[in-house]
Amino acid sequence: MSPQSLKETLHRRVSRIAEPQILFPLIAVVLLAATWGATLGLVRIKHAEAEHDAATLSHELLGTYEAQVVRVLHEIDQTLNLVKFWHERAGMHGTLAELKDRGLLPPDLVFSVGIADRHGTILESTRPLGAVSVADRGYFRDQRDGDSIRVGHLPQGATGDGRVPFTRRLNAANGDFDGAVIVAVDAAFFVSGYDASKLGEHGVLGVLGTDGIFRVRRSGDSMFSGDAINYSSLLPKPDEVDADPPVSLSSWDGVRRWSGAREIYGFPLAILVGLAQDEQLAAVEKNSAVYLWRAAAGSLAIVLFTALLGRMSWQLAQSRARESESKLAHAQRIEYLAYHDGLTGLPNRSMFSKLLSQRISEARRYDRELAVAFLDLDRFKQINDTLGHEAGDQLLQEVATRLQGCVRDSDTVARLGGDEFVVLLPELEDGKLAATVAHKILGVLAKPFTLIGHEFRITASIGISVYPRDGQDEQTLTKNADIAMYQAKAEGKNNFQFYSEQLNANSLERLTLESSLRHALERDEFRLYYQAKRDIRTGCISGMEALLRWEHPDLGTVTPMQFIPIAEETGLIVPIGKWVLKTACLQSVAWQNEGLPPFGIAVNMTERQFLDESLLQDLASILKSTGMNPQLLELELTESLLIRDVENTLRILTGLKSLGIRIAVDDFGTGYSSLATLQRFPLDTVKIDRSFIGDLVGPAEDSGLADAIISMGKSLSLTVIVQGVETKEQADFLRAHACDELQGFYFNRPLPANQFAQLMRAQTANITYVGTRAGLQNQQP
């Protein structure tokens, strides 16, 4: 394993140990081990100290007891030898009385001295020995065979006032056995030094014969004699004489004791001292129990404390985990929102770009094709503006659901924004698949949508680009699919188009126009042309319409049909419209200052201009700055624009009328508005669309619709103007049907301001005319 791997492994293990569920139990184990290790160690030390103290005490008591017993034995032996000497020297009776008189015998209270003849008969004694003859006693018989001191023993059992006999042989003058001197000592005397404060209730003091029989043994207040034990096992080995006595099990009562024994030199006796283990260790056992209880209490405290800390740490860890999860969820949510559409949940533009780049890389690696289908909803803005944004959002969500049902699992549907969607079709085996999917999409979108309780239908325009034919990268494919989509809209919408080089050329032309259009105002490239309106009765000029033209330095004159839709889409129509209004007003005032009649000027207004929030403020400013009479300014609005949002339209028209501006309905008859709806608006003029006068000179049924439209305008008590008049027959028909004014190429084409001024001067010089109606009449000589 490399040092780096070892370091990483160690770091992982340390990190693992640092986790609360491991760390705090580990801390608890360490603390418990330390607590119990210290406690048990202390108990062992105290126990060892107590054992050592007990063994030492036993050794000390053995020495003390030995000194006491040896002193007594020497006194007994001295008495035996004195009596023996005195008796053998005198060779007569009355020895004890004489010695007693001389004060050479020990007191009768403890000791009794007697003399037995060779037959064991007690000849004399200082105190009754309890028997007349001792011939049957073992200690007496033993004296026949030797001259050493003999020690008798009491019968086995409890000892009360029994006495232990000590004897020495008496010799006749010829050296034969002549009896024995007997000194009987109370057995209790040998163990009278029993100190319960040191020996306890189960300690032992005893005098033991070399024959293994106890002469006397005391434990507590009880004394026993006559018990036989293994003498050799009781005495220590020569190298253990000075060592602490061991703990052994006493054979006579089954008590474990520190027992020490020592032979008494010159006597067939040994002494025994024993300390009961239970008694000597009782105090330390009690203290040990206290230590153990304290350790247990400390252990419980440690467990509770570490458990509390563990719990708190766990809660903290859980809190941090929840916070981390919350942050992670928040980060994931942010990441999700960064790459997904918040309304539909579909991938957004950023995510789609990444996915498309990945798919292009895969297609390049495996030599495959893929398609990008760019989709835009038709009439979505109208639904959004009419029904509200909530309905529009509901529609977009339903569209997203239907689109996802049209594609494979491997395909991707994304929303780029607004009503624009895009579909990625990877792994194309046949280009027809893209067309099949497009047909399927158009079919499912053609089905009705239920919005706010009503059924609505929409269509879509789809543009398709194919890799690698139509582009090698993400931007090119998306751009070309967008171009194809605009072509589908140009083809009448509700269809799909594949990208082609011709579409790209048209798109480039559009981009060129858009780029130039943004600088047209500052470069003074716009011009106003004026087309006359003719009074149907007199044929004289009764007003004019200002028409915008763009004189491009490279492309020449660009028609309004080419650039007005672009200006409307980009929003440039608002500043351009302001320029048109101001220029037309300035021109009208200039003509009036030249002495020309004050003709009314009509100016077309698009939807973007009409809905601009600053429209009324801008118009008021223009009228004030130019000095234009508002009664001479007429704004032309399409019928479809008026009926889109009736309440909002009525509010704006009311504001325009408050400024004194006239209102005209352009392309009247194409919007399918009801008479009741039009009656609500403060209108002044209707302009009948040219599409209704194309076949006026044909059969009666061909002119019936135009006649009805004119009658409808008259019924509203409005000035009726027909535009697009190009022939004398059309003019005669309209004159016969009581139109008010005519406008078209039959009378005049649109002219620049200087030429139109000449036209007005010529009319002023040759005829007297009546000015425009509706309160704008100026009589000329």
The residue from A546, A484 that alone is modelled with pLDDT of 85 or more and in a strand (DSSP E or B) is A546
Condition set part of a helix (DSSP H, G or I) and farther than 20 Å from V185 by Cα, scope region 65-101, selection modelled with the lowest pLDDT: answer is A90
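Do we find a residue being open to solvent by 40 Å² or more (accessible area, probe 1.4 Å), modelled with pLDDT of 90 or more and assigned to a loop (DSSP other than H, G, I, E, B) anywhere in region 668-676? Even if it seems obvious, please write down each step before you answer.
Let us first name the residues in region 668-676 that are open to solvent by 40 Å² or more (accessible area, probe 1.4 Å), namely 670, 672, 674-676.
Next cut, modelled with pLDDT of 90 or more only: none.
No, there is no match, as no residue in region 668-676 is open to solvent by 40 Å² or more (accessible area, probe 1.4 Å), modelled with pLDDT of 90 or more and assigned to a loop (DSSP other than H, G, I, E, B).
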When residues of region 136-157 are filtered for being under 13 Å from I213 (Cα atoms) and part of a loop (DSSP other than H, G, I, E, B), how many remain? 5
Is one or more of the residues making up region 320-336 hydrophobic (A, V, I, L, M, F, W, C) and within 26 Å of I27 (Cα to Cα)? yes
Which helices (runs of 4 or more DSSP H) sit wholly inside region 559-635 and have at least 2 residues that are open to solvent by 20 Å² or more (accessible area, probe 1.4 Å) and modelled with pLDDT of 90 or more? 573-593, 615-626
For region 299-320, does any single residue satisfy the condition of being in a helix (DSSP H, G or I), basic (K, R) and modelled with pLDDT under 90? yes
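If only one of A774, A757, A753 is hydrophobic (A, V, I, L, M, F, W, C) and either at pLDDT below 75 or closer than 21 Å to V665 by Cβ (or both), which one is it? Outline the logic, then answer.
Working: A757 fails: either at pLDDT below 75 or closer than 21 Å to V665 by Cβ (or both); A753 fails: either at pLDDT below 75 or closer than 21 Å to V665 by Cβ (or both).
Of A774, A757, A753, the one residue that is hydrophobic (A, V, I, L, M, F, W, C) and either at pLDDT below 75 or closer than 21 Å to V665 by Cβ (or both) is A774.
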The condition from (1) of a type outside the set (A, V, I, L, M); (2) on the phi > 0 side of the Ramachandran plot; (3) surrounded by fewer than 13 Cβ atoms within 10 Å (Cβ to Cβ) that G120 misses is numbered (3)
For the structure I just gave you, tell me whether E263 is within 24 Å of T159 (Cα to Cα), of a type in the set (D, E, K, R) and surrounded by fewer than 18 Cβ atoms within 10 Å (Cβ to Cβ). yes
So, G556, is that one surrounded by fewer than 21 Cβ atoms within 10 Å (Cβ to Cβ) and in contact (Cβ under 8 Å) with a residue 24 or more places away in the chain or not? no
Return only the number of the condition from (1) at pLDDT below 90; (2) surrounded by 21 or more Cβ atoms within 10 Å (Cβ to Cβ) that K489 does not satisfy. (2)
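Need a quick list: helices (runs of 4 or more DSSP H) entirely within region 355-450 having at least 1 residues that are at pLDDT 90 or above, open to solvent by less than 60 Å² (accessible area, probe 1.4 Å) and under 19 Å from D341 (Cβ atoms).
Numbers: elements: 380-387, 389-404, 432-446.
Helices (runs of 4 or more DSSP H) meeting the threshold: 389-404, 432-446.
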Which one of T79, T64 is open to solvent by 60 Å² or more (accessible area, probe 1.4 Å), in the same structural domain as H202 (by TED's automatic domain parsing), among the hydroxyl-bearing types (S, T, Y) and closer than 30 Å to D195 by Cβ? T64
With respect to the numbered conditions (1) within 59 Å of the chain's Cα centre (by Cα); (2) small (G, A, S); (3) closer than 18 Å to A753 by Cβ, which one is the sole condition not fulfilled by S588? (1)
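For region 277-292, does any single residue satisfy the condition of being open to solvent by 70 Å² or more (accessible area, probe 1.4 Å), closer than 30 Å to R150 by Cβ and of a type outside the set (S, T, Y)?
No: region 277-292 contains no residue that is open to solvent by 70 Å² or more (accessible area, probe 1.4 Å), closer than 30 Å to R150 by Cβ and of a type outside the set (S, T, Y).
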Unique residue being among the aromatic types (F, W, Y), over 16 Å from Y65 (Cα atoms) and open to solvent by less than 70 Å² (accessible area, probe 1.4 Å) when the list is W252, W258: W252
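Check region 315-332 and report whether any residue there is open to solvent by less than 40 Å² (accessible area, probe 1.4 Å) and of a type outside the set (A, V, I, L, M, F, W, C).
First pass over region 315-332, keeping only residues open to solvent by less than 40 Å² (accessible area, probe 1.4 Å): 317, 321.
Restricting the remaining residues to those that are of a type outside the set (A, V, I, L, M, F, W, C) gives none.
Taking every residue of region 315-332 in turn, none turns out to be open to solvent by less than 40 Å² (accessible area, probe 1.4 Å) and of a type outside the set (A, V, I, L, M, F, W, C).
The values are calculated or read from the model by the stated rules, or taken from the named source; none is laboratory data. The model shown is predicted, which means the values in this text are computed figures rather than measured ones. Virtual Cβ from ideal backbone geometry, glycine too; neighbours counted across all protein chains shown. With ligands, DNA and RNA removed, areas are computed over all heavy atoms of the protein, side chains included. Shrake-Rupley method; radii C 1.70, N 1.55, O 1.52, S 1.80 Å.
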